[in-house]
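Nothing in this text is a laboratory measurement; each read-out follows from the coordinates by a stated rule. All values derive from a computational prediction rather than experimental measurement. Quick reminder, even Gly has a Cβ in these numbers, built from the backbone with ideal geometry, and neighbours come from all protein chains shown.
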Amino acid sequence: MDQQKMPPAVLRLLVIFPNVLSYLLLGGLIIYVTTNYEVLKSTESLKVWLIFIAVLAPAAAFTTYSIIKKIRAGHM
């Protein structure tokens, strides 16, 4: 079988766009937690939101690192 290769520009777009969205989500979560800090603390749900942030931040950073590494290696 002859597989068609995806153009690098399209591949970059398909990989980078979700990564940008994850940073937007992370920024929205941080803004939400800071503006509603007292309410979240009083309802004892602050820990859940902080766990979301603690999981999303390293995942977004690692994805960015791997994308940069693949672009520099010439795979994208």
Tell me which of LEU56, LEU13, VAL39 sits at the most positive position along the dipole axis of the chain, charges placed on C-beta atoms (Lys, Arg +1; Asp, Glu -1).
LEU13
What value, in deg cm²/dmol to 500, does the helix sum -39500 (n - 2.57) over DSSP H runs of n ≥ 4 give at 222 nm once divided by the residues of the chain?
-28000 deg cm²/dmol
Taking just the alpha-carbon atoms of region 12-51, what radius of gyration and Dmax come out, in angstrom?
13.4, 43
Take PHE62 and TYR37, extend 7 Å from each Cα along the Cα→Cβ direction, and tell me the distance between the two endpoints in nm.
2.9
Calculated from the structure, percent of Cα pairs over 17 Å apart equals which of (i) 42; (ii) 49; (iii) 57?
(iii)
Explain nothing, just the number: dipole magnitude of region 8-73 about its Cα centre with +1 on each Lys and Arg Cβ and -1 on each Asp and Glu Cβ, in debye rounded to the nearest 20.
420
The ³J(HN,Hα) series, computed from each phi in region 27-32 with the Karplus coefficients 6.51, -1.76 and 1.60 at θ = phi - 60°, rounded to the nearest Hz and given as x for glycine or proline, is x, x, 5, 5, 5, 4
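Pull out the extension gain between PHE52 and LEU21, defined as 0.36 nm times the separation in residues minus the alpha carbon to alpha carbon distance; nm, one decimal.
9.6 nm
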Peptide ranges 4-11, 43-50 listed from the most packed, as the mean C-beta count within 10 angstrom indicates:
43-50, 4-11
Straight-line reach from LYS5: which lysines fall under 17 Å, measuring Cα to Cα and dropping same-chain residues less than 8 apart?
LYS70
